[in-house]
Each structure stands twice: as structure tokens, then as C-alpha cells.
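Quick one: the structure is below, questions incoming.
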Amino acid sequence: MNQKTVKGVVIAAPASGSGKTTFTLGLLAALKNRGMKPAGFKIGPDFIDPGLHSMITGLPGRNLDGWMLDRSVNLEIFARGARDADIAVAEGVMGLFDGFSGASEAGSTAQMAKWLGLPVLLVADASKTARSFAALVKGFAEFDPDCTICGVAANNIAGPGHLKYLEEAMQQVPEVPFLGGIPRNSRAALPERHLGLFTAEDRVLTECRVDELASLISDNLDLAGLVEMLPEIPAAAPDRPARPGSGCRVAVARDAAFCFYYEDNLDVLREQGCETVFFSPVNDRKLPDRIHGLYLGGGYPELYASALSQNDSMRDSIRRHCRAGMPAYAECGGFMYLCRQMTDVEESTFDMAGVFPFATRMQKRLAALGYREIRLTRDTPLGPAGTVMRGHEFHYSRMENKDESAGVRSAYAVADRSGANRGASGWLSSRCLGSYVHLHFRSQPAIGGHFARICRQFQNERQNRNEAP
């Protein structure tokens, strides 16, 4: 039997802000218009881009990360995510060679491209350059001979005259094919806010915008030539045998306020026999029936604070389930929602679910950003004391009155990527664990199994008492 293969490419840039996301979305849309089945990946911890990829491809967008996950796990995630596609497009992070330090490729897009065995398509902002564009490309092409740059696209060109200058300049770098110039197009541009782009749940990828994105690529790039030059690589991952279902159901908050999830986290729960049941804390009146666990991811709860606060019946439902001992895990925005109050940047204060006694306050400056390694200091729904896992922290809010109080205990020892101790912590109330850190469940293989066991334990407790949560 022939091994499943796909074509693949990594989209990278000399620096952040060069247009990688817009280019990647346009490429995915253009490939789909050609009758291909693209799959999108995001290198790094970002949640927004994979969601946008998924809106175009119809396949789950997945994250690849050189710090949270080791090489073998990244390769498996890539192979599993690409096996229903015929071409894979991985959007890079920061500049091509930017990683954890100036002395190493660790954590960089270039490292991931080499792990995957994929060439790099360099997207460079040409808005203020002409002949110097070629010098830039030549430097990137020669910096690491093991990182293959299969072509370059000039972004934000001013018009045909500018494009001609660039074509003439690139003749001096014949080893890097010049694939075309992408003009500025405000109709294709994606809006932004304090945490980055708007999310897929905000419906910014309208049919009109997707058409503009696709045309931006297909009208200005040698798409056929690009596809032809890309290598075929294996896309066969071993099946993870799913644990037989036991009727255990985990409610997952998913709406415009709570939309930051690593797709693999949800897969991990399903592999452990849990059924994931989605609900909206903004719009639904109560939690789904017959549930045995709760997962609240991050997002933008501060933008929906009034609606969340006014939905008394949902807040009461969550508080009642958590106080009854149902296992719950909440991170970042989900954790903010489970706190007592939230104050926005306009100094308006809103009541939240009240599972934790803390208050949170939004601020205009960044409160925390970076990778985190977590060691559990006590038994939690995600694992016993001593369990180590990795994640990422990125938020503009801060906690207030965060001293331990009756029934709430600190559960995390937190270190940043360098190993330095961080003040942020995870908090445990009954079987409810909350933190600002977004964890990647595949960074610690035992997480999913432990959470599923605690949920089944709660399920059995209810059944033994003949109760319905």
C-alpha cells in the first residue's frame, strides 16, 4: 500500500509585521479555488491564526511549537493534521531565524521547517525598498544553507513600476525564484485589536474578503509554479486508539468570548473517551445536561463582560456545578470568567461566576507574555503533585486580592523559558483549576488521561447517589 504524502511549504518572513498571515490566508484560499485540499498550521503558540486557517480550509487549524512540544510530537501533529489534505501550509512565527536567543535556531520557524523537511517561501515587505530587496533575500538565502528557501514574494508593492525594479534586482539572486509581487489591498486586510487580529468567531472572513485574499495571490503569484516545485512528504501518523466511550461528557465553552483552544487539547480529551459538548457562556442559559467536566479556554471575555454578567442563570449553573465537585479547568479568559469580578479599561466592574474569590482588572499595557513551564505543587484535575507541563501566557489583565483564602489554594510553581521563577500561579478550588497560562496538553502525555479519570470519578459519584448534575 502506498504511503500517504502531501506537498508542503512554510511561509516565513524577515520580521514580524511583513504580512505572513494575510499571505497565508490568501494562499490557502487560492489553493482551494484550484480544487486542492489545503491544511493550515501555525508555528508558535498563537490561537487566532489557526482559527482563521480553519475557516478557509474546513480542516482544524493546528499549532506546531518547538518549545512546548518536542520534535517527534510536532511531526506527529503535522502528519495527523495533513492526512486529509493534499497540500500543507505552515505559517511561521516572527522572522524566519528568530527563536529563543541570538545564538541558536531553537524555537524558530527555520528549525521547524527543517524538522518537517519543508522548504520556505519568504514573504518580504518591499514597500520601502527596490534593489536592496535583492540584498535582503540573498542574505536570508545564504544565512543557513540547511534551510531551503524555495522562492520569495514581494509584499506591499506600489505598482507595476515598483515590481519591475524588484524583478531586475532579483536577477542578481538567481538561486531564489522570484514568484511575484503582492500589491497593497485594503479590502483584503484583516482588522486588529489589543491581542492581535480579530478571531474566526468574529466572522471577519466574509465571502467577499476571502475572494479578495484568493485573488491577491492567484492574480499576482506564480501559483502553478509554486505548487509544482514543492516536495512530497509523508503525512501518515499512527492512529491513537481512543479509549472506549463511557458516557463521560466534558462541556467546552466556545463562542466569541471563549475561542482560544489548541485543537490537540480537544483531541486529547476525545482520545481518552470523553465526549466534548460545546456551549456558549454568552448566549446559553445553563450548562449542557449530563456533563461530568468543564473546560473554559481563553479569548476576549472583557469584550463581552456585560453580556456574561447579565447571564445570571449561566453564572449560577457554572458556580453550582463547580461547588458540587465537578472537575473544571479554566485558563486565561476562562479563569477571569470564573473569578468574582472583572473590571474593564473603562473602569466598569461586572460580576462574574464567582468560583474563585479573586477580581481581575483589564489594563492598556501588556501584563504578561512568554512561555511557561508548570510544576504542580499539589494534586489537581490535570495531574498529581510533581507533574510538569508547558504552555504560554499572554494577557492584558491582572489579578487583584490574590491571597489564598478559605478553600482556595495555590497549585502551580511557574518558571519562564529561561527557568526563572514567575509570580503567576494556578489556583485550586475544590476540583476547579484556574490559571492565566494556556497549557498544551501534548506537552505532558498524562494530562488528558488524568482529567478524564477525575471526570469519570465524578460521573460515578453522581450515579452512585442517583443524582443528575
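No lab work stands behind these numbers, since they all come straight from the coordinates. Remember, it's a predicted structure, so these values are computed and weren't measured experimentally. Note that each Cβ is placed from the backbone with ideal geometry, even for glycine, and that neighbours are counted across all protein chains shown.
Would you mind checking the pairs 4/42; 37/114; 114/138; 7/164; 37/128; 286/364 and listing those with alpha carbons more than 26 angstrom apart?
Flagged as over cut-off: 7/164; 37/128; 286/364.
Nearest 500 deg cm²/dmol is fine: what mean residue ellipticity at 222 nm does the chain get from its DSSP H runs of n ≥ 4 alone, each adding -39,500 (n - 2.57), divided by its residue count? Can you show the working numbers first?
Numbers: 13 runs with 138 residues, N = 469.
It comes out at -9000 deg cm²/dmol, rounded to the nearest 500.
On to the next question. Which value, in debye to the nearest 20, gives the size of the charge dipole of the chain about its Cα centre, when Lys and Arg are +1 and Asp and Glu are -1 at the Cβ? Can you show the working numbers first?
Values: 52 positive and 53 negative charges, 260 e Å.
Dipole magnitude for the chain comes out near 1260 debye.
Taking the Cβ-Cβ separation of residue 306 and residue 365 as r and a Förster radius of 22 Å, what is the calculated FRET efficiency to the nearest 0.05?
0.40
Between residue 340 and residue 224, take the C-beta separation as r, use R0 = 56 Å, and let me know the FRET efficiency to the nearest 0.05.
0.45
Additional query: Could you give the dipole magnitude of region 5-234 about its Cα centre, charging the beta-carbon of Lys and Arg +1 and that of Asp and Glu -1, in debye to the nearest 20?
300
So what are the radius of gyration and Dmax for the Cα set of region 249-464, in Å?
For region 249-464, the Cα-based Rg and Dmax read 15.9, 50 Å.
Another one. Once fully extended, how much extra length lies between residue 324 and residue 104, figured as 0.36 nm per residue of separation less the alpha-carbon to alpha-carbon distance?
Working it through step by step, the gained length comes to 74.3 nm.
Moving to a separate point now. Using the per-residue mean of other Cβ atoms lying within 10 Å as a proxy for protection, in what order, highest first, do the peptides 81-92, 338-349 fall?
81-92, 338-349
Could you tell me whether region 1-115 comes out rounded, prolate or oblate from its Cα gyration tensor? Rule is a ≥ b ≥ c as square roots of the eigenvalues, rounded for a/c under 1.5, then prolate if a/b exceeds b/c, otherwise oblate.
oblate
Rank the residues 217, 149 as a footprinting-exposure proxy: fewest other Cβ atoms within 10 Å of their Cβ go first.
149, 217
Also: If you add up the charges near residue 419, with Lys and Arg at +1 and Asp and Glu at -1, over every other residue whose beta carbon is less than 15 angstrom from its beta carbon, what do you get?
Cβ neighbours under 15 Å give a net charge of +3.
Next question, about the same structure. So, with +1 on the Cβ of K and R and -1 on the Cβ of D and E, and no other charges, what is the size of the charge dipole of region 249-464 about its Cα centre, to the nearest 20 debye?
500
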